[in-house]
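Derivation of every value follows stated rules applied to the coordinates shown; laboratory data play no part. Quick caveat: nothing in here was measured; it's all calculated off a predicted structure. We place every Cβ from the backbone using ideal geometry, glycine too, and count neighbours over all the protein chains shown.
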Amino acid sequence: MKLFNKVMLALLVLALLLPFAVLKNDEGKPLMSFSTFSLPDISLPEFSLPEMPSLPASGAPVETDDSNPSGKNVFYQWRDADGNLNFTSEPPPEGVEFSLKGYDPNANVIQALEPMPIESEVGVEAAAQSPAQIREPGDIGNPYSRESIEKLFNDAKNIEKMLNERLQQ
């Protein structure tokens, strides 16, 4: 077995060297030469970042006419005298500190879940529920209930069954 491996290795080396040394073309030159080999170009292509819209300086009004679509995507964030946080498309009153906020209108938006009713809205039905099921005001609840997860798994099994039936047909 060792002799076979040595003979095969020698034949492989000979086969690789034949086009460079022994085999010649019509002009008498070797079929291949090491000078014809070159390394591939691995440099990164030239690229530039897209031009980002610039926000106006703090305190400068934002144009909101139809010729400037980026102005519709800019809002003012500021606090009123009571300390409430406000977001408006119009500049706040003079002398109020604010910051400009922008958003991408093409961003993915996911529909929110319907919140479960809180205790005061449920009334008598809440008394029949266990304390773990009664929600406090401001609690949005867990969107991943046992029933919804079981339904998801059942739907996945039904789809798998349907695909297997199609495959058999």
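If R0 is taken as 25 Å, the Cβ-Cβ distance between Leu11 and Ser35 corresponds to a FRET efficiency of 0.45. Could you calculate the FRET efficiency of Leu152 with Tyr103 from 1/(1 + (r/R0)^6), where r is the beta carbon distance between them and R0 is 45 Å, rounded to 0.05? The pair Leu152/Tyr103 has a calculated efficiency of 0.90.
Once the Cα-Cα distance is subtracted from the 0.36 nm per residue extended length, the Phe20 to Glu94 segment shows a gain of 18.3 nm. With an a/c value of 1.5 or above and a/b not larger than b/c for the gyration tensor axes a ≥ b ≥ c computed over the alpha-carbon atoms, the stretch 1-47 is described as oblate. 3J(HN,Hα) along the stretch 149-158, derived from phi through the Karplus expression 6.51 cos²θ - 1.76 cosθ + 1.60 where θ = phi - 60°, amounts to 5, 4, 5, 4, 5, 5, 4, 5, 5, 5 Hz, with x in place of Gly and Pro. Summarising the amide proton neighbourhood of Phe75: residues at separation of 5 or more, or on other chains, whose placed amide H is nearer than 5 Å comprise Lys101, Gly102. Here the Karplus curve 6.51 cos²θ - 1.76 cosθ + 1.60, taken at θ = phi - 60°, turns the phi angles of the stretch 78-88 into couplings of 7, 10, 7, 5, 7, x, 7, 7, 10, 10, 9 Hz, with x standing for Gly and Pro.
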